[in-house]
1. Go through B:87, B:83, B:59, B:29 for me and flag whichever is more than 30 Å from residue A:99 (Cα to Cα) and in a loop (DSSP other than H, G, I, E, B).
2. Would you call residue B:2 within 9 Å of chain A (Cβ to nearest Cβ), under 30 Å from residue A:86 (Cβ atoms), surrounded by 12 or more Cβ atoms within 10 Å (Cβ to Cβ) and at pLDDT below 95?
3. So residue A:259 fits all but one of (1) out of contact with any helix residue (DSSP H, G or I) (no Cβ under 9 Å at 6 or more places or on another chain); (2) more than 14 Å from chain B (Cβ to nearest Cβ); (3) farther than 28 Å from residue A:393 by Cα; what number is the exception?
4. For residue A:48, which of the numbered conditions (1) surrounded by fewer than 15 Cβ atoms within 10 Å (Cβ to Cβ); (2) of a type outside the set (A, V, I, L, M); (3) out of contact with any Lys or Arg (no Cβ under 7 Å at 6 or more places or on another chain) fails to hold?
5. Over 28 Å from residue A:299 (Cα atoms), of a type in the set (Lys, Arg) and either assigned to a loop (DSSP other than H, G, I, E, B) or touching a His at 6+ places or on another chain (Cβ under 9 Å) (or both) - does that describe any residue in region A:243-258?
6. When you go through B:64, B:30 one by one, which is the residue that is modelled with pLDDT of 90 or more, surrounded by fewer than 14 Cβ atoms within 10 Å (Cβ to Cβ) and closer than 30 Å to residue A:198 by Cβ?
7. Taking region B:18-53 on its own, how many of its residues are more than 25 Å from residue A:393 (Cβ to Cβ), more than 9 Å from every other protein chain (Cβ to nearest Cβ) and not aliphatic (A, V, I, L, M)?
8. What residue, of B:60, B:79, is more than 9 Å from chain A (Cβ to nearest Cβ), in contact with a helix residue (DSSP H, G or I) (Cβ under 6 Å, 6 or more places away or on another chain) and over 22 Å from residue A:363 (Cα atoms)?
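The values are calculated or read from the model by the stated rules, or taken from the named source; none is laboratory data. This structure is a prediction, so every number in the text was calculated from the model and none was measured. Reconstructed Cβ throughout: ideal geometry from the backbone, glycine too, with neighbour counts over all protein chains shown.
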Amino acid sequence: MTAIWQMSAAAITAAVRDGHLTAREVVTSCLERVHRIDPGLNAMVGERADVALAEAASIDERRQRGQTLGPLAGVPIAWKDNLVLEGELATAGSRMLEGFRSPYSATVLARLQRAGAILIGRTNMDEFGMGSSTETSAYGPTRNPFGRDLVPGGSSGGSAVAVAADFCPLALGSDTGGSVRQPAAMCGVSGLKPTYGLVSRYGLIAYASSLDCVGALARTAEDLALWLDAVAGADAADPTTVQAQGPVATHVAQRRDLAGLRIGLPQELNGPGLDAEVAAAVQRAVADLRELGAQVVECTLPAVAHAVPTYYLLATAEASSNLARYDGVRYGLRRDTVSRCEAMMMQSRSAGFGDEVQLRILLGTFALSFGYHDQYYGQATRARALLCSEFARAFASCDLLLSPTSPVPAFPIGSRIDDPLAMYLCDVMTVPPSLAGLPALSQPCGFTADGRPVGMQWVAPALREDLLLQVAHVFQAHTDHHLRRPLP
Amino acid sequence: MVQNLADLARLHLPVERQDALLQRLQRIVLAFDALRQLPTEQAPANPPSLPPLRLRPDVAEPPLPIAQVLANTRHHAAAAFVVPRVVDA
């Protein structure tokens, strides 16, 4: 028999609606699971148990009174510590924001609450989203449930672990250069980064504003579609948002096979430099896709060779500007040991930001500095535009693009943290669609011989999340990689 | 160089940390240098998949309640944030 904490969001909300389960039973089951398992994983950095249980009780009362319930009624959801919720702590995994309580809520969290979801707690993350392993958090590293000496990926590692360890069926992340997809791949769950602008960034603590996207992690494509329908669409508080194209959840299960679908394999993302077991798992998945009727063809995206430097120069330049607001004056950590304002700000920033954040602020400051601006930031902007053109050309002959999500499976904690370049190269597959603002989804496609999950990444044209989710659903319907659970 | 960047970025870097940071920065910049050789004459001015940038209407919105905003710092007096001295008396 399936335990409550093992149920999908779709199954939970159907059971709550039908009266087979109460929302309170669901939340209680998930919180008990968190309390039992999380001390060994460090995925959660805060919970709102009492409030969540009260909100669940309110949903149960609404049902008893015969009132309409939202599409996510009773579904427990964890959110990344860089999304703000009114009255709750939000630290972005940083000492810089210790003790900060938000006076307002992120649009995405407010929309989830309106849909009946129960927000149960905040998840661990790399500080300000700057990392690929969830090791740079001020709360300490999160551990991978598939091997506690392994990283969960990052920066949304806490959210990936929350889903993989069955704390909740859905968790929110943010994805600037792969921070939802890469931890999803390393933890054996699915992760969706929507088209830039489809989900409001209002209330997301900014890292790199032209790249930041709110995304989600779940075990099934169906649950990701439910999430997207609840949160997508224009928001007056975020002028970069666009209108949603219509609901996707009702169409996810429409496709039975992949007949007529043209899948492109970019040579630059499926060649040398890949871990052999990752390459083999993706090749087996490609064979499955062919059996399902897809036409698989090679294509090329030459500018991908420059995607990592392009991404890191643009992202750090934007970060150096975005993080200038942290000065110890209005909120967060303040060093009061000096008597001058400027010195107080410098001391506070140096004490509050961790090493990786300081390194990226310096790199971004360099990329924008007089004499270097055009050679680095300007050139990266032009390289980004080239990459966008190449994606457009590829989609003229392919419906979707496919690659591994990460060139390597989960690696041991501590093995790359002192080598920033090695860490940055973990993002080589995920940064290209981020730079182009395209939607991308990672889903499990196999395991290494020692049991580490491998993920593959789908990329679609802008606003074609419907296609991404349909194809992911078909693959899940014919395989069982997404069903393997690391913990009893 | 690191000290200059740190000043621009308002970071206080103790001397003993500067060498290590400089080495890391130099290694990253060197690795990223190949990007400068990428021919970009064909790069479009308006990339096809990125949405056009729009500015939010320049309209004043109701502010957050002052008490709620000040609650995030111990350093306030009346309705203002308090900072150390900025200019000499």
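1. On the way: B:87 fails: more than 30 Å from residue A:99 (Cα to Cα); B:83 fails: more than 30 Å from residue A:99 (Cα to Cα); B:29 fails: in a loop (DSSP other than H, G, I, E, B).
On inspection, the qualifying residue turns out to be B:59.
2. On the way: within 9 Å of chain A (Cβ to nearest Cβ): yes; under 30 Å from residue A:86 (Cβ atoms): no; surrounded by 12 or more Cβ atoms within 10 Å (Cβ to Cβ): yes; at pLDDT below 95: yes.
Answer is no for this residue.
3. (3)
4. Evaluating residue A:48 over (1) surrounded by fewer than 15 Cβ atoms within 10 Å (Cβ to Cβ); (2) of a type outside the set (A, V, I, L, M); (3) out of contact with any Lys or Arg (no Cβ under 7 Å at 6 or more places or on another chain) leaves (1) as the failure.
5. Within region A:243-258, not a single residue is over 28 Å from residue A:299 (Cα atoms), of a type in the set (Lys, Arg) and either assigned to a loop (DSSP other than H, G, I, E, B) or touching a His at 6+ places or on another chain (Cβ under 9 Å) (or both).
6. B:64
7. 4
8. Details: B:60 fails: in contact with a helix residue (DSSP H, G or I) (Cβ under 6 Å, 6 or more places away or on another chain).
Being more than 9 Å from chain A (Cβ to nearest Cβ), in contact with a helix residue (DSSP H, G or I) (Cβ under 6 Å, 6 or more places away or on another chain) and over 22 Å from residue A:363 (Cα atoms) holds for just one of B:60, B:79, which is B:79.
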